[in-house]
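Everything on this sheet refers to the single structure shown next.
The values are calculated or read from the model by the stated rules, or taken from the named source; none is laboratory data. Note that the structure is a prediction, hence the values are computed from the model and not measured. Positions of Cβ are backbone-derived with ideal geometry, glycine not excepted, and every protein chain shown enters the neighbour counts. Just the protein is used for accessible areas: all its heavy atoms, side chains included, with ligands, DNA and RNA removed. Shrake-Rupley method; radii C 1.70, N 1.55, O 1.52, S 1.80 Å.
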Amino acid sequence: MERNWRFGIETSSHNSGVIHSGIHYPPGSLKAILCVRGNSMIYEICERYRIPCRRLGKLTVAVNEEEADELERLHRWGLANGVDGEHVKKMEPNVKAEKALYSPSTGIVEPNELMNYLYTKARKNGAILLTNTEVECLSEDGDGYEVSGISFGEKFVIKANVVINCAGLYSDRIACMAGLDVEKLGYKLHYCKGEYFRLIGKPPVKMLVYPVPREDVLGIHLNLDMAGNARLGPNAYYVDAISYRVTSSEREFRESVEKFLPCIREYSLIPDFAGIRPKLHGPGEGFRDFIIRHEADRGLFGLI
Ligand SMILES: Cc1cc2nc3c(=O)[nH]c(=O)nc-3n(C[C@H](O)[C@H](O)[C@H](O)COP(=O)(O)OP(=O)(O)OC[C@H]3O[C@@H](n4cnc5c(N)ncnc54)[C@H](O)[C@@H]3O)c2cc1C
């Protein structure tokens, strides 16, 4: 069930389209495990079904000794290769770095094409997509769930044995409808906005270039998309409401990347788009992993 007129028009199409390698996540976390597995699966699917993707590679660059130490920590996780400043110059002449990590398995995909494939596959397997259908109420009735709401302007009620809550930014609301105490269980979502600025002109690099991440934030980086455009972003700041307008200043973006990409001064930037990350941790709180859980032990058999 999808409340919008089509699938994938929220977070799944407001992102960088990067096929991550998993180097930024703590080893053993679900984020790391699923990212590493998903990385090879996405390339395999893209090749088999001719979905546009490119294995561009990624450089994570340290510009001083302090950042180089942090880079060392990511290096130990073993998913990328260490590269010195000289070598970086050969790989990407416009990038300035003390040291870097090169991750060859990072790439980009066209998110809408990937979703079209997933939708077609689900349909072939018997799934039915109900668009314009918003779930407003979910109740356990002894032998399953009663799911109700509005579909194409009319009320509906259906019975379900299994309910998978994958409502993105609203998944805590759905959990709440099922009777789960989202505050107590740590399921409450915090909205973290990320905006992008597009570079006008030929991209200054061939691969993706990231700064050293701080805590759970990847930092404003240089992205490329399947159409060959380069953009800076996303930034990260918490918001109370969902709005996809780009309101941050261009200066913030320039200054963030200038230290590793000095030629950014020669480029004009224009506001591009924004996305919103549903995060389990609020500002200043530490890393929180994904939660994928069958709530049977809380009396909600069949609710995932
Ligand atoms: C700025 C930004 C950059 C990112 N960059 C990357 C990246 O480079 N690589 C990467 O792998 N990931 C990236 N991500 C993360 C990635 O986009 C998300 O992990 C992914 O899109 C989440 O998909 P989803 O299906 O969980 O959520 P969504 O795409 O949000 O889908 C949830 C759906 O549920 C529907 N829904 C909600 N409530 C209801 C209801 N009550 N009834 C019916 N339908 C409902 C919504 O309409 C929506 O379509 C980024 C995210 C952001 C915000």
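Here are a few things to note about the model shown:
- Residue 2 vs. criteria in a helix (DSSP H, G or I) and of a type in the set (Asp, Glu): no
- Restricting attention to region 140-175, the residues being more than 24 Å from the chain's Cα centre (by Cα), surrounded by 13 or more Cβ atoms within 10 Å (Cβ to Cβ) and of a type outside the set (Phe, Trp, Tyr) number 10.
- Strands (runs of 3 or more DSSP E) (entirely within region 89-148) containing at least 3 residues that are away from the ligand (no atom under 14 Å from the Cβ) and over 20 Å from residue 162 (Cα atoms): 99-103
- In region 176-187, residue surrounded by the most Cβ atoms within 10 Å (Cβ to Cβ) [restricted to those that are of a type outside the set (A, V, I, L, M) and not in a helix (DSSP H, G or I)]: 187
- Total residues in region 8-23, condition within 30 Å of residue 243 (Cβ to Cβ) and assigned to a loop (DSSP other than H, G, I, E, B): 8
- Residue in region 269-281 that is open to solvent by less than 50 Å² (accessible area, probe 1.4 Å), of a type in the set (A, V, I, L, M) and closer than 17 Å to residue 15 by Cα present: yes
- Residues located in region 168-181, provided they are more than 14 Å from the ligand (Cβ to nearest atom) and of a type outside the set (Asp, Glu): 179, 180
- Within region 188-215, the only residue that satisfies the criterion of being among the small types (Gly, Ala, Ser) and either touching a Leu at 6+ places or on another chain (Cβ under 8 Å) or part of a strand (DSSP E or B) (or both) is 194.
- Any chance residue 203 is open to solvent by less than 70 Å² (accessible area, probe 1.4 Å), over 22 Å from residue 241 (Cα atoms) and at pLDDT below 95: no
Conditions tested, residue by residue: (1) open to solvent by 40 Å² or more (accessible area, probe 1.4 Å); (2) of a type in the set (Ser, Thr, Tyr); (3) within 16 Å of the ligand (Cβ to nearest atom); (4) assigned to a helix (DSSP H, G or I).
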| residue | (1), (2), (3), (4) |
| --- | --- |
| 6 | yes, no, yes, no |
| 25 | yes, yes, yes, no |
| 36 | yes, no, yes, yes |
| 40 | yes, yes, yes, yes |
| 66 | yes, no, no, yes |
| 82 | yes, no, no, no |
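- Pairing residues of region 257-281 that are more than 10 Å from the ligand (Cβ to nearest atom) with residues that are among the small types (Gly, Ala, Ser), at Cβ distances under 8 Å and at least 6 apart in sequence or on separate chains, gives 260/97; 267/201; 268/201; 272/233; 280/186.
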